[in-house]
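Colleague: Below are the structure tokens for one structure; questions will follow.
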Amino acid sequence: MGLERRHGDQVWRISTYRPDFPVSTRHLQRDQIQSPGRTPFDGNSLQKLTRSQASDAATATLQARATGEGYPYSTSSEQDSRDCVVNIPVPITPYPPVDRRPGQTGRRNGSRPGPKHGSSKHHEWDAPPVIERAFHAASVSMIKGLELPVELYRGFRDVYYPAPDGPDIIKAYPIRRRLPVRIFFPARYDLTSPALLPTLFTIHGGGFTVGSPSEDDVWNRGFADSYTILIIALNYSKAPWAPFPGPLLDVEALYHAVLNDESLPIDRIRTSIAGFDAGANLALGLSQLPSVKTGRDPNVHHRPHPYFSHPPRSNPPPAAVISVCGILDFTAPVSQKLRTRPYKKELRGPRGWGQGLDWMGKLLPSSAWSYIPYGHDAADPLLSPFYAARRDLPPHVFVISAELDCLAHESWKAVSVWSGRPVPDRDEVVGRAERSLWRGCLEDADNSRFSWTEKMEMEDGVRGSTRWLLVPDVVHGFDSANWRNKYLWGDEEARMDAEMKTMAYQRELAEWLWGVVWK
């Protein structure tokens, strides 16, 4: 559709990012496995394969797996052949290296001795005054109380009235039975085919205190169907009852459980991790853990499980990590974060609100109080991924942020450090003061404040890349259908703009995954 509609001094460019292969319906005929649109699919096992051809190719792979010849994943194990990864629950224990081990103290009544907050080497998280603690506790309790009926309704709907954009499977693993994962198969994928699919793990947001994987169902379903990718939405416990490192250990356990699930058609050579908001923090933390780098599940089990016939194996690490509007730096004060985002009062509705009405800035202090144990170093790379070394992250990193988000500056600063580009000053404003001329689409690729890519060679000789994308004139959570409908309900123009820009950056992300990461 080539329609352009002028409104005032701005222009809707409708056709620019319209997919040439719209999201398929769930009743698509699967006579043939198709590759979508113009997106490059070099090396994709599904490209131009009919069902019979795919079955023959997969049969050869299965035979290679049985003999151990030519199979890309190690079938040998130092553990007993009866070991199984997803078997029985185990105690939650931290696995990171000694020099990065999360704080052992979970006290809420004071801080441990050590360097004061703001030191050049440590940023110790101190206990706030009693009144401030009471305020944070009341705020979190109120938000969680309002969310409870919504979550009950979603659970009821999933069981009795599944939504058309919902997952194909909701699966609970014994290692974290209380935290089910949601699995989205592409609509073009023949569920009877043994062909393997590239896989994207997603981790939902919510400031570590609220939210559930179901909030990203629309995003996950659209991305899976449009770009033929298996999407697996991980789950985690919420603070303040599960402070750091509890949620990180939850996603670690579920990540390994899913990878060792032989019933899922995961192409384990082509996997990536993506996260939104707090989920971006967890995605970057997860990619740094030794068990993820080595592919060895730290949870050892000694009883066979009827659904998994193979022992635990060493899975390849994820090829990429994606951060979308992430909480990446707990050492920077909220007041500084609020100063580094533009306030465009000429925009209508929530997008034009001033600094005093920035709802994300009001929620961040309660979120941090709920998640960070007193006395812990806020500059811990597992807690604040901004301090992670580039060599500790996957070869490919994609950082996406919203221009009208107080979290955008820390994403901009982090991706600049990881790519070796000049690091912006701590008070430098993200983006620009003027609103974008074109609505419904991203900025031009030659605008370095909004988009760039740096290719690099890692220390082990592996080629990598670091990419930055700033989405103009949108607020935090613009890519969530639930947030758009609630937060932008009074501004249809802003809601439509956010939805179209979500489709635009999804296209950029998919082309990057297929053309660079999984090439």
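The values are calculated or read from the model by the stated rules, or taken from the named source; none is laboratory data. Bear in mind the structure is a predicted one, so any value in this text is a computation, not a measurement. With ideal geometry, Cβ positions are generated from the backbone for all residues, glycine too; neighbour counts draw on all protein chains shown. Note: areas computed on protein heavy atoms with side chains; ligands, DNA, RNA excluded. Shrake-Rupley method; radii C 1.70, N 1.55, O 1.52, S 1.80 Å.
Colleague: Can you give me the three principal axis dimensions of region 319-446 from its C-alpha atoms, in Å, biggest first?
Modeller: Sorted largest first, the three principal extents are 42, 35, 24 Å.
Colleague: Can you give the FRET efficiency for ARG348 and SER448, using 1/(1 + (r/R0)^6), R0 = 25 Å, r = Cβ-Cβ distance, to the nearest 0.05?
Modeller: Calculated transfer efficiency: 0.30.
Colleague: Compare the peptides 209-221, 338-350 by average per-residue count of other Cβ atoms within 10 angstrom and give them in order, highest first.
Modeller: For the peptides 209-221, 338-350, the packing ranking is 209-221, 338-350.
Colleague: Something else: Compute the distance in nm between two label points, each set 7 Å from the Cα along the Cα-to-Cβ direction, one at MET496 and one at TYR153.
Modeller: 2.6
Colleague: Next question, about the same structure. Using each residue's phi in region 367-373, evaluate 6.51 cos²θ - 1.76 cosθ + 1.60 at θ = phi - 60° and report the 3J(HN,Hα) Karplus result to the nearest Hz, with x for Gly and Pro.
Modeller: Calculated HN-Hα couplings, in order: 5, 5, 4, 6, 9, 9, x Hz.
Colleague: Tell me, what % of the accessible area of region 349-497 is carbon and sulfur with a 1.4 angstrom probe?
Modeller: Accessible surface attributable to carbon and sulfur in region 349-497 totals 51 percent.
Colleague: Quick check: residue separation of GLU262 and LEU437 times 0.36 nm, minus the Cα distance between them. What number comes out in nm?
Modeller: 58.0 nm
Colleague: What is the set of long-range amide H partners of TRP452 at a cut-off below 5 Å, with H atoms built 1.01 Å from backbone N?
Modeller: Close amide H contacts, sequence-distant or interchain: TRP468.
Colleague: Per residue, what accessible area does region 423-463 have, given a 1.4 Å probe and all protein chains present, in Å²?
Modeller: Here the per-residue accessible area is 67 Å².
Colleague: Moving to a separate point now. If r is the Cβ-Cβ distance from PHE135 to ARG339 and R0 is 30 Å, what FRET efficiency results, to the nearest 0.05?
Modeller: Result of the calculation: an efficiency of 0.85.
Colleague: Right, here's the next one. In whole angstrom, and with the biggest value first, how far do the Cα coordinates of region 376-519 range along each principal axis?
Modeller: So the three principal-axis extents are 50, 40, 28 Å.
Colleague: Output the pairs from LYS171/LYS519; LYS144/LYS501; LYS238/LYS486 with a Cα-Cα distance over 26 Å in this structure; if there are none, say none.
Modeller: Too far apart for the 26 Å limit: LYS171/LYS519; LYS144/LYS501.
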